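Remarks on the structure that follows.
The values are calculated or read from the model by the stated rules, or taken from the named source; none is laboratory data. Just so you know, these numbers come straight off a predicted model, no measurement behind them. When we count neighbours, we look across all protein chains shown, and the Cβ atoms used for this are built from the backbone with ideal geometry, even at glycine. With ligands, DNA and RNA removed, areas are computed over all heavy atoms of the protein, side chains included. Shrake-Rupley method; radii C 1.70, N 1.55, O 1.52, S 1.80 Å.
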Amino acid sequence: MARRALIRGAAVSLTLAMGLGSPAVGTAQGETVAGEVVVPATTAMLPQTSLLSAGPSGFLRYEYGRGHLWTTYDGVDTVVDASATGVYGLPESGAGSDVVAAYDESGRVVTLRDMRSGRSRTIPLPPRHEYWATLGSTVVTLAGTQGSDITWHLLDVRDDGSVTDRTVAGVPQGIYAFNERNAALGDAHGQIVTWRVDRDSFTGWLDVDQNRLITLPYTVSRGYPFAALTATHLLWWDDGTAHIASRRDLTATPRTEPVRDVGQLLGMVGDTLVVSRYDSALGPLNYGLPVWRVDSVPLDGSPGKTLLARSSWRAVPTPDGGLLVPGGPGTDQWGVSLIEPAGGAVTPP
């Protein structure tokens with residue numbers, strides 16, 4: 001079994017283990033999982049808490065009254081920015097890695113803080129470059145003129161402090177690029193981007209590893225709450241249909257499956273979709289309130305199960321195929337649960 005140590009608030013948090021078929025709850029209410037860290041009630045994860053990104057050693061979250069915190073999987077907190085008030089971060093904050101990025105707009109400098117090593121490095125933006133995102137430890141910028149010669153650049157800092165600048169290949173001429181930061185889907189290997197030429201809209205994969213833009217033969221209904229990017233798949237839900245594209249070849253025709261009653265498409269673990277559904281018994285409809293039930297939707301046709309009785313806001317994928325979900329059995333038992341494949345195996349459909 002992959003790592004399952006979680007932060008939990010008040011009395012208890014659920015730990016979930018998902019197999020390739022139907023997932024099962026691995027911890028009953030009131031039990032303690034070895035390796036879990038109990039956070040005192042005064043610092044418990046609240047329903048207002050939001051997950052921002054996750055790396056191999058921990059995850060970034062916003063907690064009301066405490067700002068941005070980095071939490072390791074064995075429960076150690078590091079305050080990143082106590083003054084932070086925002087809950088949006090993907091993919092600006094170093095998506096899919098242990099790096100937390102902070103962009104100083106006035107100084108035009110991005111600070112990269114490796115939360116595992118403790119090392120910080122800076123990348124100044126070149127003249128006439130616009131900050132776009134930070135994917136892993138790569139800073140993405142946009143340069144040129146919209147509708148004419150716009151293109152993306154990938155900035156990486158070497159050990160000696162010097163910065164390399166890679167111009168992304170394959171960017172069509174004459175595009176208008178959209179930077180919807182709150183809706184963006186990205187990790188350390190790349191990002192879904194959208195643009196238009198005249199009145200036509202396009203979706204592409206900005207591949208950081210290959211330094212190129214790949215135009216996709218379909219349009220993604222992009223962003224929260226109906227799209228998600230996991231370590232293995234690009235997912236989106238539209239009008240009763242889930243679209244599932246394997247990251248092994250994003251240009252291939254996506255698989256489609258009928259899925260009803262989706263309030264949020266949270267992600268995919270193994271061969272199982274994870275969605276949240278509004279439960280009117282929990283309160284008025286609001287994406288920021290804990291009025292959502294987290295359900296599994298196995299793609300093999302087997303019955304799904306409720307994984308968490310209450311949740312709120314978005315889930316965050318881990319680089320090894322798991323899914324971090326805020327929630328719990330009640331608002332007084334709030335924490336972060338890790339949904340992961342049984343035995344650590346991930347088998348794409």
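Here are some notes:
- Note on Val109: accessible area is roughly 40 Å² with a 1.4 Å probe, heavy atoms of protein only.
- Calculated accessible area for the stretch 71-229 comes out at 46 Å² per residue, all protein chains present (probe 1.4 Å; ligands, DNA, RNA ignored).
- Carbon-plus-sulfur accessible fraction, the stretch 206-349 (probe radius 1.4 Å, protein heavy atoms only): 49%.
- The residues neighbouring Tyr287, those whose beta-carbon lies less than 13 Å from its own, together hold a net charge of +2 under the Lys/Arg +1, Asp/Glu -1 convention.
- Label sites at Thr253 and Val197, each approximated as a point 7 angstrom past Cα along Cα to Cβ, lie 2.4 nm apart.
- Asp261 accessible area, assembled protein chains, probe 1.4 Å, Å²: 100
- Annotation: peptides 314-323, 208-217, 267-276, ranked by per-residue average of other Cβ atoms within 10 Å with the highest first, follow the order 267-276, 314-323, 208-217.
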